[in-house]
1. Applying the selection to segment 9-20, what residues are of a type outside the set (A, V, I, L, M, F, W, C) and without any contact (Cβ under 8 Å) to a residue 60 or more places away in the chain?
2. Could you check segment 33-142 for helices (runs of 4 or more DSSP H) lying wholly inside it with 3 or more residues that are of a type in the set (G, A, S), surrounded by fewer than 16 Cβ atoms within 10 Å (Cβ to Cβ) and touching a helix residue (DSSP H, G or I) at 6+ places or on another chain (Cβ under 6 Å)?
3. In segment 24-58, which residues are among the aliphatic types (A, V, I, L, M) and either farther than 14 Å from L161 by Cβ or under 13 Å from the mean Cα position of the chain (by Cα) (or both)?
4. Out of the residues in segment 23-32 that are assigned to a strand (DSSP E or B) and hydrophobic (A, V, I, L, M, F, W, C), state the one that is surrounded by the fewest Cβ atoms within 10 Å (Cβ to Cβ).
5. Any idea which of D66, D90, D6, D78 is out of contact with any Gly (no Cβ under 8 Å at 6 or more places or on another chain) and without any contact (Cβ under 8 Å) to a residue 24 or more places away in the chain?
6. Name the residues in segment 1-11 that are assigned to a loop (DSSP other than H, G, I, E, B) and surrounded by 10 or more Cβ atoms within 10 Å (Cβ to Cβ), would you?
7. So which residues in segment 143-158 are closer than 17 Å to C82 by Cα, hydroxyl-bearing (S, T, Y) and surrounded by fewer than 23 Cβ atoms within 10 Å (Cβ to Cβ)?
8. Just checking, does segment 184-200 include any residue being outside any loop (DSSP other than H, G, I, E, B), among the polar types (S, T, N, Q) and under 17 Å from R75 (Cα atoms)?
Amino acid sequence: MTKIIDISLPIYQSMPVYPNNPPVTIKPLKTPTTYISEITFGSHTGTHLDTPRHISENGLGVDKIDLNQLIGPTRILDMTHCQTGITTKDLEKENIKKGERILVKTKNSLRGFKNFYPDYIYLEGNAAEFLAKQEITLFGIDSLSIKQKGNPDVRAHTELLNNNIVIIEGLDLSPADPGNYNLYCLPLKFVGLDGSPARVILVSS
């Protein structure tokens, strides 16, 4: 029996966002015949896609990302043992192959997303270099940023995005066990934008 697992964060008024990102505001409106809402949020709100435009003015925007990168077989790696950053050594044990879509489940998912925790688990720069050399297709993590907060080392972003490896941040992997799934990640089709919130699901059989 097919099982669908939603690994997207809910979007709601005043939800946690990464520091210095625009807050989420939702204003209900009423027309003479219907109810609508005015919504403001940043492009990196909740579960979202980072595209090469995030680090380069000439990088691909979210509307130009090949959907084949965002849909297909994926593997969740168990990184719940990591206490700070995910290292190259952690990843070398996982036999990562060229073209894989890789998601990492850390203790970020275990403590929830009702608050922003500045000591979240992140991807180390050397580990990002390793993934780029493996030529993976996509990398996803259960934190609002892939890099360590306040660290001037930005390789977690640049090593992946400069090689057109898209990043999904803000995943909630608490309902999913490590293993193999089919991934469906559909960001909004904003023209030329650096990123977009996305609805992301896993399908298992």
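1. The first filter runs over segment 9-20 and keeps only residues of a type outside the set (A, V, I, L, M, F, W, C), leaving 10, 12-14, 16, 18-20.
Once the filter is applied, which keeps residues that are of a type outside the set (A, V, I, L, M, F, W, C) and without any contact (Cβ under 8 Å) to a residue 60 or more places away in the chain, segment 9-20 yields P10, Y12, Q13, S14, N20.
2. Numbers: elements: 67-70, 88-92, 107-111, 125-134.
Of the helices (runs of 4 or more DSSP H) lying wholly inside segment 33-142, none has at least 3 residues that are of a type in the set (G, A, S), surrounded by fewer than 16 Cβ atoms within 10 Å (Cβ to Cβ) and touching a helix residue (DSSP H, G or I) at 6+ places or on another chain (Cβ under 6 Å).
3. So the first thing to find is which residues in segment 24-58 are among the aliphatic types (A, V, I, L, M), and the list is 24, 26, 29, 36, 39, 49, 55.
The answer is V24, I26, L29, I36, I39, L49.
4. First, the residues of segment 23-32 that are assigned to a strand (DSSP E or B): 25-30.
Imposing the further condition that a residue be hydrophobic (A, V, I, L, M, F, W, C) reduces the set to 26, 29.
Details: I26: 14, L29: 9.
Taking the candidates together, the pick is L29.
5. Values: D90 fails: without any contact (Cβ under 8 Å) to a residue 24 or more places away in the chain; D6 fails: without any contact (Cβ under 8 Å) to a residue 24 or more places away in the chain; D78 fails: without any contact (Cβ under 8 Å) to a residue 24 or more places away in the chain.
It is D66.
6. We begin by selecting, within segment 1-11, every residue assigned to a loop (DSSP other than H, G, I, E, B); these are 1-2, 7-11.
Of everything in segment 1-11, those that are assigned to a loop (DSSP other than H, G, I, E, B) and surrounded by 10 or more Cβ atoms within 10 Å (Cβ to Cβ) turn out to be I7, S8, L9, P10, I11.
7. S145
8. Step one: filter segment 184-200 for residues outside any loop (DSSP other than H, G, I, E, B), giving 184-187, 195-200.
Cutting the leftovers down to among the polar types (S, T, N, Q) gives us 196.
Then keep just the ones that are under 17 Å from R75 (Cα atoms); that gives none.
No: zero hits.
The values are calculated or read from the model by the stated rules, or taken from the named source; none is laboratory data. Note that the structure is a prediction, hence the values are computed from the model and not measured. Because the Cβ atoms are built from the backbone with ideal geometry, glycine has one as well, and the counts that use them run over all protein chains shown.
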